[in-house]
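Asks: Structure in structure tokens, see below.
The values are calculated or read from the model by the stated rules, or taken from the named source; none is laboratory data. This is a predicted model, so every value here is computed, not measured. All Cβ positions, even for glycine, are placed from backbone atoms using ideal geometry, and neighbour counts span all protein chains on display. The area values use the complete protein model at the heavy-atom level, side chains included, leaving out ligands, DNA and RNA. Shrake-Rupley method; radii C 1.70, N 1.55, O 1.52, S 1.80 Å.
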Amino acid sequence: GEKTLIEAVDLFYKHLLSDLDLSRFFHGTNMEILKWHVLNFMSVAFGDVPKTFDLENLILDQHKFLFEDPYGLSVDDFDRFVGCFKMTLAELDIENDVVEEAVGVLQMLQPVFEKGQRDAELRKKTESRQLHFLQTAALASVVGMAVLSWAKKRN
């Protein structure tokens, strides 16, 4: 029921916040609002997801900044997240087959996190190339201006 779900979310975030590798993602976050969102998400994720509900884009949009530097959210972090979830359900004495089913639902989201990580790495490479191009163009402009100035002085 709802009481068990609230207890599970509270315990789950206790585990996440005690994990040094994961807690950094929650600095400055209003945890009560986040827990409310997670309760709503879980009711959708573990129920009938409407066919028009684009969970992948929702996750990618809401976590985009976490995939970027300095956070660098990765698939390894997702795996730690799932581990905390599994530990939470075990502590609540949820039957093992129910735990495995719930973990299986979460595991279906792993490709979304893989995509988020890949997209962030691609954006970083693209930004690096663009910066290199701009630096080269600026240097070429300075050299060109210096040559023109030198040529003008010679004439």
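Asks: State all residues of segment 1-57 that are closer than 17 Å to MET87 by Cα and at pLDDT below 85; if no residue qualifies, say none.
Replies: Within segment 1-57, THR4, LEU5, MET42 meet the criteria.
Asks: Looking at segment 116-132, can you tell me whether even one residue there is in contact (Cβ under 8 Å) with a residue 12 or more places away in the chain, assigned to a helix (DSSP H, G or I) and touching a His at 6+ places or on another chain (Cβ under 9 Å)? Step through it out loud before you land on a result.
Replies: First, the residues of segment 116-132 that are in contact (Cβ under 8 Å) with a residue 12 or more places away in the chain: 116-117, 119-120, 123-124.
When the remaining residues are screened for being assigned to a helix (DSSP H, G or I), the result is 116-117, 119-120, 123-124.
Imposing the further condition that a residue be touching a His at 6+ places or on another chain (Cβ under 9 Å) reduces the set to 116.
Yes; the residues of segment 116-132 include at least one that is in contact (Cβ under 8 Å) with a residue 12 or more places away in the chain, assigned to a helix (DSSP H, G or I) and touching a His at 6+ places or on another chain (Cβ under 9 Å).
Asks: Going by what's in this entry, would ASP61 be described as more than 19 Å from LEU92 (Cβ to Cβ), in contact (Cβ under 8 Å) with a residue 40 or more places away in the chain and either more than 16 Å from the chain's Cα centre (by Cα) or loosely packed, with under 13 Cβ neighbours inside 10 Å (or both)? Write out each step before concluding.
Replies: Details: more than 19 Å from LEU92 (Cβ to Cβ): yes; in contact (Cβ under 8 Å) with a residue 40 or more places away in the chain: no; either more than 16 Å from the chain's Cα centre (by Cα) or loosely packed, with under 13 Cβ neighbours inside 10 Å (or both): yes.
Answer is no for this residue.
Asks: Out of all the residues in segment 95-108, is one or more touching a Leu at 6+ places or on another chain (Cβ under 8 Å) and open to solvent by 50 Å² or more (accessible area, probe 1.4 Å)?
Replies: The answer is yes, given that some residue of segment 95-108 is touching a Leu at 6+ places or on another chain (Cβ under 8 Å) and open to solvent by 50 Å² or more (accessible area, probe 1.4 Å).
Asks: List the residue pairs whose Cβ atoms are under 7 Å apart, where the first residue sits in segment 3-23 and is open to solvent by 20 Å² or more (accessible area, probe 1.4 Å), the second is among the acidic types (Asp, Glu), and the two are 6 or more positions apart or on different chains.
Replies: Once the first residue is open to solvent by 20 Å² or more (accessible area, probe 1.4 Å) and sits in segment 3-23, its partners that are among the acidic types (Asp, Glu) give LEU11/GLU91; ASP21/ASP77.
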